[in-house]
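Visitor: Sharing a structure, written as structure tokens. Questions coming.
The values are calculated or read from the model by the stated rules, or taken from the named source; none is laboratory data. This one's a predicted model, so the numbers in the text were calculated from it and none came from an experiment. Virtual Cβ from ideal backbone geometry, glycine too; neighbours counted across all protein chains shown.
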Amino acid sequence: MRHKFLFYSLLGCLLCSCESEDLEDWRIYKPNGKAASEKELSAGISTIFSSAPDAYDTQSSWVTGELEDRFNKGDHLYDDARGVDNVDGGGLGPLYAGYSCGSCHKSTGRTTPAIASGGSGSGFSSMLIYITRKTGGYFPDYGRVLHDQSIYGTKPEGRVKITTTTERYTFPDGEEYELMTPHYEIVEWYADSIPVSDLRISVRQPLRHVGMGQMMALDLDLLQKIAAQSNYPEYGISGRLNYVTEKGKKVIGVSGNKAQHQDLTVELGFSSDLGVTNDRYPHEVGEGQSNMMGFAMSGAQISTEDMENVDLYMHAVGVPARRDVDDPVVLKGEQLFYEAKCHLCHVTTLKTRPRGAVLLNNTELPQLGNQIIHPYSDYLLHDMGVELGDDYPSGLANGNEWRTTPLWGLGLQETVNGHSYFLHDGRARNLTEAIMWHGGEGAASRTLFSRMTKDEREALIKFLQSL
């Protein structure tokens with residue numbers, strides 16, 4: 001209890017240290033004209049009141065005027081399929097994974113993961129496939145990511161075949177559940193096959209792009225203090241920050257499955273995921289491969305201005321408000337969320353820094369500053385056990401460590417994207433399975449959840465679905 005008390009005392013002091021404001025100035029009204037309650041406001045002024053299929057893809061209310069024009073341009077660049085020519089909207093490939101950001105992040109969410117279809121798709125694959133030697137380092141004919149799609153005239157670097165096995169388990173009260181384990185195999189290598197004995201594969205499904213602007217505006221001093229206090233030996237929990245070196249600087253990582261990036265990786269996404277060159281990444285993916293001979297290298301295929309509009313779009317989409325906050329079952333589920341110690345990693349309340357966020361070409365977004373937000377994440381690394389490990393280090397993160405996934409918007413994924421696959425590789429087919437996959441530092445919460453009655457487990461799940 002001492003650690004819990006210290007954590008909440010610290011967090012409370014930090015969050016209350018902001019300047020006092022007239023509460024009326026911060027009041028946000030719902031479409032029915034009623035003022036929103038604090039519980040409903042997931043992301044301060046960026047909260048939107050929608051539970052429709054476009055709930056991840058609606059601009060925040062502060063996006064007006066020139067920002068709105070740029071937001072709409074970024075929205076189109078994010079969603080529109082790119083062609084193979086080198087004019088505006090072109091530049092796809094020759095090697096790529098998806099034909100647009102939206103092909104993998106449907107409606108700014110998560111396209112149905114490849115585990116549901118057995119591997120590489122036709123035209124795009126909603127996954128990233130990281131490959132390295134088991135001893136570390138990359139293979140001569142391949143980069144860090146295997147590109148399983150290509151335009152006419154080239155071959156994909158390889159294709160992924162996903163098979164699964166399932167095991168049945170029983171909760172102490174007798175209810176049964178299953179866990180599905182994926183198994184990965186690379187087939188149709190464009191060059192010589194790489195022996196399995198020397199191959200390490202990590203498959204990552206797309207993340208929901210919900211709350212990206214708030215994430216990039218996080219008060220990093222607060223995160224450092226939370227990391228210093230994130231030590232709960234009675235539950236086996238000890239979170240830490242990831243530090244990464246990008247753009248010549250060593251910085252705190254917050255973005256990505258392992259907090260392995262300092263920003264939203266727009267330039268990297270266009271280069272590696274779509275094969276679209278830009279000023280930061282001017283070389284074609286796969287340049288130098290025999291597969292690429294005969295393709296002219298044409299310089300930047302998307303401008304920095306356009307990429308910043310995509311960056312703005314991702315920063316400025318609204319975060320869905322919480323729903324059913326006064327429902328008795330949801331309230332019970334919220335209590336059980338705390339009793340299961342989920343909140344020790346999925347921290348409910350954080351704060352953004354006064355300055356707000358800065359886009360990739362230095363446009364400032366002060367609108368994202370000084371906001372109290374509820375991402376349900378500490379953005380720290382936690383060891384989740386060998387069952388979820390991928391043996392793929394990123395920055396300081398080892399193979400078993402993953403950044404705590406923010407939960408805001410979680411309950412609308414099925415509405416927006418039409419599926420309920422969760423975790424980094426989509427192996428969990430529902431929220432119960434996601435919880436029961438928690439090992440390592442998540443094992444205490446998994447055990448506490450499993451010991452609940454069926455009604456209690458369902459109440460906790462209903463609370464998660466309200467986020």
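Visitor: Just give me the residues in segment 398-448 being at pLDDT below 95 and of a type in the set (Gly, Ala, Ser), in sequence order.
Guide: Going residue by residue through segment 398-448, those that are at pLDDT below 95 are 398-399.
Of everything in segment 398-448, just one residue is at pLDDT below 95 and of a type in the set (Gly, Ala, Ser), namely Gly399.
Visitor: Filter segment 95-135 for residues that are touching a Gly at 6+ places or on another chain (Cβ under 6 Å), buried (at least 24 other Cβ atoms within 10 Å of the Cβ) and either more than 19 Å from His424 (Cα to Cα) or free of Cβ contacts under 8 Å to residues at least 40 places away in the same chain (or both) and give the result.
Guide: Leu95, Tyr96
Visitor: If I go through segment 109-134 residue by residue, how many of them are assigned to a strand (DSSP E or B), closer than 20 Å to Gln260 by Cβ and not basic (Lys, Arg)?
Guide: Counting residues in segment 109-134 that are assigned to a strand (DSSP E or B), closer than 20 Å to Gln260 by Cβ and not basic (Lys, Arg) gives 5.
Visitor: Hey, another quick one. Say whether the condition of being touching a Gly at 6+ places or on another chain (Cβ under 7 Å), part of a loop (DSSP other than H, G, I, E, B), closer than 23 Å to Val210 by Cβ and touching a residue at least 12 places away in the same chain (Cβ under 8 Å) is met by at least one residue in segment 327-348.
Guide: Yes: segment 327-348 contains one or more residues that are touching a Gly at 6+ places or on another chain (Cβ under 7 Å), part of a loop (DSSP other than H, G, I, E, B), closer than 23 Å to Val210 by Cβ and touching a residue at least 12 places away in the same chain (Cβ under 8 Å).
Visitor: Take Gly90 and tell me if it is of a type outside the set (Lys, Arg), surrounded by fewer than 18 Cβ atoms within 10 Å (Cβ to Cβ) and at positive phi. Let's see the steps before the verdict.
Guide: On the way: of a type outside the set (Lys, Arg): yes; surrounded by fewer than 18 Cβ atoms within 10 Å (Cβ to Cβ): yes; at positive phi: no.
No: the conditions fail for Gly90.
Visitor: A further question follows. Condition first: surrounded by fewer than 22 Cβ atoms within 10 Å (Cβ to Cβ), without any contact (Cβ under 8 Å) to a residue 60 or more places away in the chain and in contact with a His (Cβ under 7 Å, 6 or more places away or on another chain). Can you find one or more residues in segment 244-258 that meet it?
Guide: yes
Visitor: Within segment 182-199, is even one residue farther than 27 Å from Met292 by Cα, in contact (Cβ under 8 Å) with a residue 40 or more places away in the chain and surrounded by 13 or more Cβ atoms within 10 Å (Cβ to Cβ)?
Guide: Among the residues of segment 182-199, at least one is farther than 27 Å from Met292 by Cα, in contact (Cβ under 8 Å) with a residue 40 or more places away in the chain and surrounded by 13 or more Cβ atoms within 10 Å (Cβ to Cβ), which makes the answer yes.
Visitor: Hey, another quick one. Take Asp148 and decide whether it is in contact with a strand residue (DSSP E or B) (Cβ under 9 Å, 6 or more places away or on another chain), crowded, with 20+ Cβ neighbours inside 10 Å, touching a residue at least 40 places away in the same chain (Cβ under 8 Å) and closer than 24 Å to Phe295 by Cα.
Guide: On the way: in contact with a strand residue (DSSP E or B) (Cβ under 9 Å, 6 or more places away or on another chain): yes; crowded, with 20+ Cβ neighbours inside 10 Å: yes; touching a residue at least 40 places away in the same chain (Cβ under 8 Å): yes; closer than 24 Å to Phe295 by Cα: yes.
Against the criterion (in contact with a strand residue (DSSP E or B) (Cβ under 9 Å, 6 or more places away or on another chain), crowded, with 20+ Cβ neighbours inside 10 Å, touching a residue at least 40 places away in the same chain (Cβ under 8 Å) and closer than 24 Å to Phe295 by Cα), Asp148 qualifies.
Visitor: Another question about this same structure. Out of Tyr232, Tyr243, report the one residue that is aromatic (Phe, Trp, Tyr) and touching a Gly at 6+ places or on another chain (Cβ under 7 Å).
Guide: Unique residue meeting the criteria: Tyr243.
Visitor: Consider segment 416-467. How many of its residues are in a loop (DSSP other than H, G, I, E, B) and either more than 30 Å from Tyr130 (Cβ to Cβ) or not charged (D, E, K, R) (or both)?
Guide: 16
Visitor: Exactly one of these conditions fails for Pro53: (1) at pLDDT 95 or above; (2) of a type outside the set (D, E, K, R); (3) not in a loop (DSSP other than H, G, I, E, B). Give me its number.
Guide: Among (1) at pLDDT 95 or above; (2) of a type outside the set (D, E, K, R); (3) not in a loop (DSSP other than H, G, I, E, B), Pro53 violates only (3).
Visitor: Considering only residues that are surrounded by 11 or more Cβ atoms within 10 Å (Cβ to Cβ) and under 16 Å from Gly369 (Cβ atoms), look in segment 1-27 and name the one that is modelled with the lowest pLDDT.
Guide: We begin by selecting, within segment 1-27, every residue surrounded by 11 or more Cβ atoms within 10 Å (Cβ to Cβ); these are 3-4, 6-12, 14-15, 18, 26.
With under 16 Å from Gly369 (Cβ atoms) added as a condition, the list becomes 14-15, 18, 26.
Values: Leu14: 44, Leu15: 49, Cys18: 40, Trp26: 50.
Within segment 1-27, the match that is modelled with the lowest pLDDT is Cys18.
Visitor: If you don't mind, another one. Out of all the residues in segment 248-296, which are out of contact with any strand residue (DSSP E or B) (no Cβ under 7 Å at 6 or more places or on another chain) and hydroxyl-bearing (Ser, Thr, Tyr)?
Guide: Correct list: Ser271, Thr277, Tyr281, Ser290.
Visitor: Restricting segment 187-244 to residues that are outside any strand (DSSP E or B), within 25 Å of the chain's Cα centre (by Cα) and of a type in the set (S, T, N, Q), which is modelled with the lowest pLDDT?
Guide: Only one residue fits best here, namely Ser230.
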